[in-house]
Amino acid sequence: MKYSSILIIGVVALLCSCQSTEEEQASEVAQIESSHLGQEPAFAQADYDSNGQLSATEVATYYHREALADYDLDGDSHISRSEWASAHPSAAETDAHFNQFDKDGNGKVTEGEAVAYVTEHVSFGDSFSKYDANGDFSLHWQEVDAAAPTEMNVTLFSIHPRNS
């Protein structure tokens, strides 16, 4: 009897731990889906001009704004050289990547500079073109499926990730 009680308690504990893992996984999936352009609310949120379609700039802007908070330490909506250096400590003082982004040389990467860099990046452009079925340089709701937004989640921060 003693062993069967221990076995039952062990099984219950195992089931409870599996349930919390499933709950955690469901929560992670819900977070991804809530910001996934394949989900109608996220698509609408990224459609800044409310015309029912997403331009490459709108897609890049949407994902840039999502990732910005992790880098923008002072909350000014720009990435300064020191903020970039904090995320990339092994980068040289004159980080060539930062200089590529900061087109006007003012020591800050604006949203416009970041979005322009991303939309010119090969991986983003290829993915966008892949889903632009009718070739009109914008994505309509019907063209966006579950894979498209994941492939286009390209930002400065994913092209040049933080140093570990």
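We did not get these values from a lab; they are worked out from the coordinates using the rules stated. Since this is a predicted model, take the numbers as computed values, not measurements. FYI the Cβ positions are ideal-geometry reconstructions off the backbone, even for glycines, and counts take in every protein chain you see.
Give me Ser90, Ser123, Ser138 sorted ascending by neighbouring Cβ count inside 10 Å, so fewest comes first. Can you show the working numbers first?
Values: Ser90 8, Ser123 13, Ser138 19.
Taking fewest neighbouring Cβ atoms as first place, the list is Ser90, Ser123, Ser138.
I need the peptides 99-108, 55-64 ranked by packing, meaning the mean over residues of other C-beta atoms within 10 angstrom, with the highest value on top. Intermediate results must be reported in sequence, preceding the final value.
On the way: 99-108: 14.0, 55-64: 22.0.
The packing order, highest mean first, is 55-64, 99-108.
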- prompt: If each residue's Cβ is checked for other Cβ atoms within 10 Å, how do Trp84, Trp141 rank with the fewest at the top?
  reply: Trp141, Trp84
Length gained when the stretch Ser129-Thr110 is fully extended (0.36 nm per residue, less Cα-Cα span): 4.3 nm
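Would you mind calculating the gained length between Gln142 and Ser82 on full extension (0.36 nm times residue separation, minus the Cα-Cα distance), in nm to one decimal?
Values: separation 60, 0.36 × 60 = 21.60 nm, distance 4.17 nm.
Gain in length upon complete extension: 17.4 nm.
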- line: Counted neighbours (other Cβ, 10 Å), sorted fewest up, put Leu139, Leu54 in the order Leu139, Leu54
